[in-house]
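Let me begin by presenting the structure, written as structure tokens, before commenting on it.
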Amino acid sequence: MNLSQTTAQTAETLRALSPAFLEKYNKSGPRYTSYPTAPEWSERVSSEDFRRHIRTKGTGKTDASLSLYFHIPFCEHRCRFCACNTIITEKREVIPPYLSALDREMGIIASEMETSGQQTRPVTQIHFGGGTPTYLSPQQFVELMSQVRHYFHVVPDAEISIEVDPCVTTDEHIHTLAELGFNRISFGVQDFNPDIQELIERVQSVELTKHFTELSRKTGYHSVNFDLVYGLPLQRVETFGQTLDEVLRLRPDRIALYNFAYLPGKLAHQRYLNPGILPNGQEKFRIFVSAYERFTREGYEYIGMDHFAVPEDPLSEARRNGTIQRNFMGYTTQAGTDLYAFGVSSISATESLYVQNTRKLNAYQKSVLQDGQLPIERGVFLSEDDRIRKEVIYSLMCYGRVIKEEISKEFGISFDDYFSQEIPQLPAFERDGLLSLSSDIIQITLLGHIFVRNIAMVFDKYLRVPRKQPTFSRTL
């Protein structure tokens with residue numbers, strides 16, 4: 001089914017779902033930015049494993065596109081809603097040694113690529129996340145991007161994007177980044193309600209957001225994204241509606257509408273939030289439905305799960321032409337590219353391997369600057385079973401369907417035989433109107449896309465092992 005064909009009837013169906021239905025699907029589950037998911041990764045995967053993998057990847061793939069990610073972990077203060085790996089400090093002297101470590105880390109990766117003849121692999125995507133990337137000064141970005149282009153072959157039309165906190169960003173940042181080739185920018189908004197902003201310690205005016213949105217467009221950024229969060233303390237349908245009014249006036253090209261991950265057991269700073277003022281699962285779903293209805297009515301295409309985009313945005317185009325993918329940044333364009341990531345806690349991903357850098361700053365800088373090693377903390381080599389299940393899960397998450405024959409041919413299996421334990425679980429979703437089944441296709445309905453995490457979980461073999469504590473956020 002074409003996701004762009006959303007109607008008022010679809011929103012009406014969502015509003016009419018019973019509390020029992022919502023509770024049935026309000027489970028703890030992965031967001032599937034990777035498969036296997038991070039809890040299954042092991043510290044047995046080492047720096048040398050990754051270096052060897054890079055060299056091996058060069059054989060026969062020297063012209064394959066490459067994506068780069070840079071994690072800038074520093075923030076001046078910690079927002080209560082945040083689940084990112086951050087380092088809270090106002091001391092700007094932490095930046096020069098960190099940039100030196102990034103430079104050395106890039107040099108190690110580039111050296112391994114050169115050994116296997118990959119030095120001309122085209123870099124078609126670069127993303128800066130955090131933390132707060134604009135914690136760096138404009139001049140430091142000039143130096144960093146010079147290093148990036150020294151080590152890697154960045155193509156002229158590469159998508160270069162950055163996550164921005166307007167509260168610590170200057171006009172000079174916007175202009176300098178545009179001059180450096182940045183063409184996509186993402187502003188953290190969360191919610192414009194002043195009371196909610198005070199509680200989550202992220203005070204940001206509509207006027208400030210409007211200023212940087214308009215400046216970015218005047219400066220030549222092709223795509224502007226807003227990050228919103230639903231499920232925050234004191235948030236209700238009515239209050240969030242006021243935020244939606246302001247967002248739609250500014251009309252960003254993309255919108256990421258994230259479900260607030262309340263994990264006080266894992267994130268100590270969230271323990272300061274009173275759980276009694278958080279919206280429950282049903283109210284959170286009502287907030288999501290209200291946003292879904294507003295965005296689709298205003299012409300945004302529902303990309304899937306938590307992303308919306310205007311029809312002419314590259315993300316919408318990627319969904320239509322089959323090049324959308326899901327990774328640690330959510331839904332992105334250019335499926336099939338390897339991702340090499342740099343900085344504290346960053347995650348590299350290839351077809352058969354995930355690796356994550358150490359999450360501790362001192363350990364990261366020592367590993368790179370003193371030991372001359374990639375700062376790998378953990379990772380996982382994908383088995384053939386992992387790759388098969390990943391393909392199924394990502395087909396569901398990105399395209400809303402699984403064509404059995406395609407999976408069977410790609411991996412040399414009989415789909416129905418291979419998934420003989422999973423297939424009997426699917427008719428229950430069909431009865432609830434979340435998917436339709438035929439002999440050759442598993443097709444998710446428009447309603448099913450809202451609950452796609454639940455459907456994908458059927459094919460996740462690692463969830464069969466009971467866990468003592470919830471590892472993932474709730475799906476609603």
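Points worth noting:
- Number of residues in region 160-204 that are acidic (D, E) and either in contact (Cβ under 8 Å) with a residue 60 or more places away in the chain or not in a helix (DSSP H, G or I) (or both) equals 4.
- Test: residue in region 284-294 that is free of Cβ contacts under 8 Å to residues at least 60 places away in the same chain, assigned to a helix (DSSP H, G or I) and surrounded by fewer than 20 Cβ atoms within 10 Å (Cβ to Cβ): yes
- Pairs are defined by a Cβ separation below 6 Å, a sequence spacing of at least 6 or placement on different chains, a first member in region 74-87 that is under 15 Å from G188 (Cα atoms), and a second member that is at pLDDT 85 or above and hydroxyl-bearing (S, T, Y); the pairs so defined are C75/T86; C75/T132.
- Exactly one residue out of R251, R217, R236, R297 is on the phi > 0 side of the Ramachandran plot and surrounded by fewer than 21 Cβ atoms within 10 Å (Cβ to Cβ): that is R251.
- Filtered residues of region 88-128 (kept if without any contact (Cβ under 8 Å) to a residue 24 or more places away in the chain and either part of a strand (DSSP E or B) or on the phi > 0 side of the Ramachandran plot (or both)): I88
- Any hit, region 205-226, residues being touching a helix residue (DSSP H, G or I) at 6+ places or on another chain (Cβ under 6 Å), among the acidic types (D, E), modelled with pLDDT of 95 or more and under 23 Å from I174 (Cβ atoms): no
- Restricted to helices (runs of 4 or more DSSP H) entirely inside region 405-476, those with at least 2 residues that are modelled with pLDDT under 95 and more than 21 Å from the chain's Cα centre (by Cα) are 446-450.
- Selected residue (only one of V168, V164, V154 is in contact with a helix residue (DSSP H, G or I) (Cβ under 8 Å, 6 or more places away or on another chain) and under 24 Å from Q242 (Cβ atoms)): V164
- Meets criteria (touching a Ser or Thr at 6+ places or on another chain (Cβ under 9 Å) and either without any contact (Cβ under 8 Å) to a residue 24 or more places away in the chain or at positive phi (or both)) for G131: yes
- The residue that is surrounded by the fewest Cβ atoms within 10 Å (Cβ to Cβ), counting only those in region 391-443 that are touching an Asp or Glu at 6+ places or on another chain (Cβ under 8 Å) and among the β-branched types (V, I, T), is I403.
- Filtered by the rule that a residue be in a loop (DSSP other than H, G, I, E, B) and aliphatic (A, V, I, L, M), region 316-357 gives I324, M329, A335, V344.
- When region 66-83 is filtered for residues that are surrounded by fewer than 16 Cβ atoms within 10 Å (Cβ to Cβ) and either touching a Gly at 6+ places or on another chain (Cβ under 8 Å) or of a type in the set (D, E) (or both), only E76 remains.
- S146 assigned by TED's automatic domain parsing to the domain that holds P97, surrounded by fewer than 17 Cβ atoms within 10 Å (Cβ to Cβ) and either modelled with pLDDT of 95 or more or in a helix (DSSP H, G or I) (or both): yes
- Put simply, of L315, L361, L353 the only residue that is in contact (Cβ under 8 Å) with a residue 40 or more places away in the chain and under 30 Å from I88 (Cα atoms) is L361.
- Scanning region 55-109 for residues that are over 30 Å from Q197 (Cα atoms) and under 19 Å from the mean Cα position of the chain (by Cα) returns L66, S67, L68.
- Test: residue in region 74-87 that is of a type in the set (V, I, T) and either farther than 18 Å from L339 by Cβ or assigned by TED's automatic domain parsing to the domain that holds F182 (or both): yes
- Here I95 does not fit the description of being modelled with pLDDT of 95 or more and surrounded by 19 or more Cβ atoms within 10 Å (Cβ to Cβ).
The values are calculated or read from the model by the stated rules, or taken from the named source; none is laboratory data. A quick note: this is a predicted structure, and the numbers were derived from the prediction, not measured. In this analysis, Cβ positions are derived from the backbone assuming ideal geometry, glycine residues included, and neighbour counts consider all displayed protein chains.
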